[in-house]
1. Filter segment 87-111 down to residues that are hydrophobic (A, V, I, L, M, F, W, C), surrounded by 15 or more Cβ atoms within 10 Å (Cβ to Cβ) and closer than 30 Å to Asn73 by Cα, then give me how many there are.
2. Among the residues of segment 138-159 satisfying the criterion of being of a type in the set (Gly, Ala, Ser) and over 24 Å from Arg106 (Cα atoms), which is surrounded by the fewest Cβ atoms within 10 Å (Cβ to Cβ)?
3. Can you pull out the residues in segment 143-162 that are touching a Phe, Trp or Tyr at 6+ places or on another chain (Cβ under 6 Å) and either of a type in the set (Gly, Ala, Ser) or not in a strand (DSSP E or B) (or both)?
4. I want to confirm something. Restricting to segment 48-94 and keeping residues that are more than 30 Å from Ile38 (Cα to Cα) and among the hydrophobic types (A, V, I, L, M, F, W, C), which single residue is nearest to the chain's Cα centre (by Cα)?
5. Name every residue in segment 74-102 that is among the charged types (D, E, K, R) and assigned to a strand (DSSP E or B), in order of residue number.
6. Read through the list (1) in contact with a Ser or Thr (Cβ under 7 Å, 6 or more places away or on another chain); (2) buried (at least 16 other Cβ atoms within 10 Å of the Cβ); (3) more than 24 Å from Ser52 (Cβ to Cβ), then give the number of the only condition that Leu134 fails.
7. Working carefully through the options Phe88, Phe115, find the one that is of a type in the set (Phe, Trp, Tyr) and more than 19 Å from Ser153 (Cα to Cα).
Amino acid sequence: MNLKTFLYGLFLVLPFFLASCGDDDLKNANSVSPNKVILSRDRTIGVDITYSDSARIKAKGYAPILDKVTPSNGSAYQEMIKGVNIDFYNQNGTIDGNLVCDYAIRRDNELKTEFRKNVVVKNSKGDTFSSQELIWDESKKIFYSNQMVDILSVNGDFTRAKDFKAPQDFSTYEMGPGSGEINSKGSL
């Protein structure tokens, strides 16, 4: 190929390349970018969490992974993608309850923590509460759920219902309509 043919071909193809580099693409990109949310994610491995109120330890927990996520819109949250294991403490400083789950998320501005996937809570009486979701409202100091909650009491009674609500020590609870089995010992 001679130089004249090469230059002729280059001048024929060059306008097509330059036409594809118009500023329309940049204008479209700028119109889309304000809709994007940019996340800042800080990961911590093997986290011990202590919750205290009025200088008393109320709970200690462990999360294998804790991600602190700060979206550009400012609504920060903490995500525990491998779940948590939390021990609850009584006034004497001894463990009187436990909560485990496979996933949790704490929304900082709402003061709420959502425990999800295989949530199991044991209270000081030995009762076991299980659900796929329990929400802890820090400001109201309650746990609640609109999902199905199963309760197995220490005496063998079993209850299943929705619309669950309990104080954060699970000493009492309220539920909506449901079903259950009562373990009666002795003769009727």
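The values are calculated or read from the model by the stated rules, or taken from the named source; none is laboratory data. Keep in mind it's a predicted model, so treat the numbers as computed, not measured. A quick note on method: Cβ atoms are made from the backbone with ideal geometry, for glycine too, and the neighbour counts reach across all protein chains shown.
1. If we filter segment 87-111 for residues that are hydrophobic (A, V, I, L, M, F, W, C), which is where we start, we get 88, 95, 99-101, 104-105, 111.
Then drop every residue that is not surrounded by 15 or more Cβ atoms within 10 Å (Cβ to Cβ), which leaves 88, 99-101, 104-105.
Imposing the further condition that a residue be closer than 30 Å to Asn73 by Cα reduces the set to 101, 104-105.
Counting residues in segment 87-111 that are hydrophobic (A, V, I, L, M, F, W, C), surrounded by 15 or more Cβ atoms within 10 Å (Cβ to Cβ) and closer than 30 Å to Asn73 by Cα gives 3.
2. Within segment 138-159, the subset of a type in the set (Gly, Ala, Ser) is 139, 145, 153, 156.
With the extra rule that they be over 24 Å from Arg106 (Cα atoms), the set shrinks to 153, 156.
Numbers: Ser153: 17, Gly156: 11.
Taking the candidates together, the pick is Gly156.
3. Ser145
4. Ile86
5. Step one: filter segment 74-102 for residues among the charged types (D, E, K, R), giving 79, 82, 87, 96, 102.
Within segment 74-102, Glu79, Asp87, Asp96 meet the criteria.
6. The failed condition is (3).
7. Values: Phe88 fails: more than 19 Å from Ser153 (Cα to Cα).
Unique residue meeting the criteria: Phe115.
Yes or no, residue by residue, for (1) surrounded by 11 or more Cβ atoms within 10 Å (Cβ to Cβ); (2) at positive phi:
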position	(1), (2)
Val47	yes, no
Thr50	no, no
Ala55	no, yes
Tyr62	yes, no
Asp67	yes, no
Thr70	yes, no
Ser75	yes, no
Glu79	yes, no
Gly83	yes, yes
